[in-house]
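Comments concern the structure below.
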Amino acid sequence: MNAWNKELFTLLWLLIAITILGALTGHFIALLFLLMLFVIIKQITQINRFEKWMRSGGRGKLPKTTGIWEEIYYHVYRLRKSEKRRKKKLSTMIDQLRQSTEALPDAAIVLGINDEIDWTNKAARNIFGLLQVDKGQRIQNLIRYPEFIRYLKTGNYKESVILPSPTDNRVTLEVRIIPYGTGLRLLLAQDISQIKKMERMRKDFVANVSHELRTPLTVLKGYLETLLDMDDQHSPLLTSSFIQMQGQTERMEHLVDDLLLLTRLETQQKKTECVDVPSLLEKICEEGDNLDNGLGRIKLNIETGANIIGEEQDLRSAFTNLLGNALKYSQVDSPITIRWYQNTKSLILSVEDQGEGISKNDIPRLTERFFRVETKRPKKISGTGLGLAIVKHVLMRHDARLNISSELGKGSCFSCYFPIERICNKQEA
Ligand code: ADP
């Protein structure tokens, strides 16, 4: 029999006993009252003991009781014990987590709602020169780089920011903030000095090789021109060899020029001037039409007179590449439309053709260096595979982005979106 039934059973027996005793003595009501009083006092005493035990945190031995109260004590005791076990497990887990994040080679800092430091790991203290006592301090008082403060303030943490380490400026850090919970943020910083060094080596190597190739190429080209001039056309094999050699040296020259331009775009400081885009486009279109044997298939729509802050020479390279591609990858009789227009957020240059188009799978790879789409074309189209990489770099230097929409067999549209904030007035500049 369970404790609750036992309790009820005892009460029932007592009631029967009182009823019999009451019938014999004629004092049933008085006896019943006494019984109720006894039961109530007993329960109040038990409640009081229970409350005292709970107040003391339920620690120590279980108070001695019987019946239903013994059960209640036992259940509470069991609950407390399992909660204690859970707490212990949780705190072990937290300790392990702390130890592992403490051992991370990357710096980790937990930031509170007001940018205050809640927690740091060992790497963060080493890399940023933070101390344990800096807990609670606002991070911008300790990491004072303007680009970091700007990044922290924007609240747009999709990208990362590159900073030198405050303790050793030979170390380059990539800092990223990851928001979590309600208003909390995790700041992660990774030492990318080695990657940067490799990148620098790659850039230097490409720049040096391209530069060194220039002189022999010029000499070769010069001699080939002389040989072609001297050629008396007696040997068709010799003549075609000279022509092929000339074609290949020209291709190589383009390649070297494109590589040098890419290196310059990656390394050179940005210069700013107010670029008259409409007249730049007019010039580019005129040159394009001349190269296209004056077929007149380029249509230029200047829908805004807006100029932008940027680098004219670089913009010229990018726009020329886009127009050159449109001419190269479309039929000689198909039209090309160039538009310069604006919406509320951007100034847009679009180059649209009705040429061979590009498959969906190839579009994301177009701006990779040396990527060329392999298509069976009736005539081989020469190119370096660097044109769109140059476009991408030029646009990046102008905070602009490239959008490519294309359909195989129907044509392509390359659009460059410049932020409206770049708009400028040529007279003021
Ligand atoms: P390339 O020197 O080969 O033209 P780009 O980087 O300019 O190098 O272009 C990469 C590839 O993208 C090209 O080889 C071509 O296959 C494709 N492409 C670029 N522009 C167009 C276009 N307007 N229409 C179709 N394909 C294009």
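The values are calculated or read from the model by the stated rules, or taken from the named source; none is laboratory data. Only a predicted model underlies this, so the values are computations on that prediction, with no experimental measurement involved. Note that each Cβ is placed from the backbone with ideal geometry, even for glycine, and that neighbours are counted across all protein chains shown. Ligands, DNA and RNA are stripped out before the accessible areas are found, and what is left, the full protein with its side chains, is counted by its heavy atoms. Shrake-Rupley method; radii C 1.70, N 1.55, O 1.52, S 1.80 Å.
Please give the FRET efficiency for ASN48 paired with LYS81, using the beta carbon to beta carbon distance and R0 = 22 Å, rounded to the nearest 0.05.
Values: r = 24 Å, r/R0 = 1.08.
After rounding, the FRET efficiency stands at 0.40.
Roughly how tilted is helix 277-291, in degrees to the nearest 10 and between 0 and 90, from the longest Cα axis of the chain?
Between the helix axis and the principal axis of the chain, the angle is about 50 degrees.
According to the Cα gyration tensor, what semi-axes, each the square root of 5 times an eigenvalue, does the equivalent ellipsoid of the chain have, listed from largest to smallest in whole Å?
On the way: eigenvalues 1419, 153, 104 Å².
That gives 84, 28, 23 Å for the three semi-axes.
Under 1.5 on a/c is rounded, so check that first for segment 147-296, then, if it is not, pick prolate when a/b is larger than b/c and oblate when it is not; a ≥ b ≥ c are the square roots of the alpha carbon gyration tensor eigenvalues. Show your work: numbers first, answer last.
Details: a/c = 3.85, a/b = 2.12, b/c = 1.81.
It comes out prolate by the Cα gyration axes.
For a protection proxy built on the mean count of beta-carbon atoms within 10 angstrom, sort 322-335, 132-145 highest first, please. Kindly include the intermediate steps, with their values, before the conclusion.
Values: 322-335: 17.8, 132-145: 13.9.
Ranking the peptides 322-335, 132-145 by packing returns 322-335, 132-145.
Please give the per residue accessible area of segment 295-343, computed with a probe of 1.4 Å over protein heavy atoms only, in Å². Spell out each step's value before the answer.
On the way: 2130 Å² over 49 residues.
Value for segment 295-343: 44 Å² per residue.
Let's test this: bin the Cα-Cα distances of segment 170-214 at 5 Å from zero up to the farthest pair and state each bin's percent.
Histogram of Cα-Cα distances, whole percents per bin: 5, 18, 14, 14, 11, 11, 9, 7, 5, 3, 2, 1.
Pop a pseudo-label 7 angstrom from the Cα along the beta-carbon direction at both SER100 and LYS64 and give the gap in nm to one decimal.
So the label points at SER100 and LYS64 sit 5.1 nm apart.
Where both partners of a DSSP beta bridge lie in segment 272-365, what percent of those bridges are antiparallel, to the nearest 5?
Values: 10 of 15 bridges.
Counting only bridges with both partners in segment 272-365, antiparallel ones make up about 65 percent.
Could you point to the residue in GLY247, LEU217, LEU260 farthest towards the positive end of segment 211-337's charge dipole, with +1 and -1 charges on the Cβ of Lys/Arg and Asp/Glu respectively?
Selected residue: LEU260.
Starting from 0.36 nm per residue, how many nanometres of slack lie between LYS88 and GLU212 once their C-alpha separation is accounted for? Don't jump to the answer; show the numbers that get you there.
Numbers: separation 124, 0.36 × 124 = 44.64 nm, distance 6.81 nm.
Length gained between LYS88 and GLU212: 37.8 nm.
Kindly rank 278-290, 251-263, 51-63 from highest to lowest mean number of other beta carbons found within 10 Å of each residue. Each step should come with its number before you reach the end.
On the way: 278-290: 15.8, 251-263: 17.8, 51-63: 10.5.
Output ranking for 278-290, 251-263, 51-63: 251-263, 278-290, 51-63.
Given LYS283/LYS379; LYS270/LYS392; LYS299/LYS328; LYS64/LYS84; LYS197/LYS392, which pairs have Cα atoms separated by over 18 Å? The partial results should precede the final answer.
On the way: LYS283/LYS379 29 Å; LYS270/LYS392 15 Å; LYS299/LYS328 16 Å; LYS64/LYS84 23 Å; LYS197/LYS392 23 Å.
Result: LYS283/LYS379; LYS64/LYS84; LYS197/LYS392 exceed 18 Å.
What number, rounded to the nearest 500 deg cm²/dmol, is the helix-based mean residue ellipticity at 222 nm of the chain, given -39500 (n - 2.57) per DSSP H run of at least four residues and division by all its residues? Provide the component values of the computation, followed by the final result.
Details: 10 runs with 217 residues, N = 429.
That calculation yields -17500 deg cm²/dmol at 222 nm.
So, with a 1.4 angstrom probe, what is the percent of accessible area on the chain that is carbon and sulfur? Working shown, then result.
Details: 16010 of 27920 Å².
Of the solvent-accessible surface of the chain, carbon and sulfur hold 57 percent.
How much length, in nm to one decimal, is gained on full extension between GLU71 and LEU37, taken as 0.36 nm per residue of separation minus their Cα-Cα distance?
Values: separation 34, 0.36 × 34 = 12.24 nm, distance 2.33 nm.
Roughly 9.9 nm would be gained on extension.
So which cysteines in the chain don't have a second cysteine's C-beta under 4.7 Å from them?
Lacking a cysteine Cβ partner under 4.7 Å: CYS285, CYS413, CYS416.
Please give, to one decimal in nm, the separation of the simple spin-label points placed at THR182 and ASN169, each 7 Å out from Cα toward the Cβ.
Each label point lies 7 Å from its Cα, and together they span 4.4 nm.
Determine which residues of segment 270-302 fall in the zone a paramagnetic label at TYR341 would reach in this model, i.e. backbone nitrogen under 14 Å from the point 7 Å along Cα→Cβ.
Correct set: 300-302.
Does anything in segment 264-307 have its amide N under 13 Å from the 7 Å Cα→Cβ label point of ASN425, and if so which residues?
Counting backbone N atoms under 13 Å from the label point, the list is 307.
How far is it, in nm, from the label point at GLN246 to the one at LEU142 when both lie 7 Å from their Cα along the line to the Cβ?
Result: 6.9 nm between the two label points.
Can you tell me what share of the DSSP beta bridges in the chain is antiparallel? A percent to the nearest 5 is fine. Mind dumping the intermediate values first?
Numbers: 48 of 53 bridges.
Of the beta bridges lying entirely in the chain, close to 90 percent run antiparallel.
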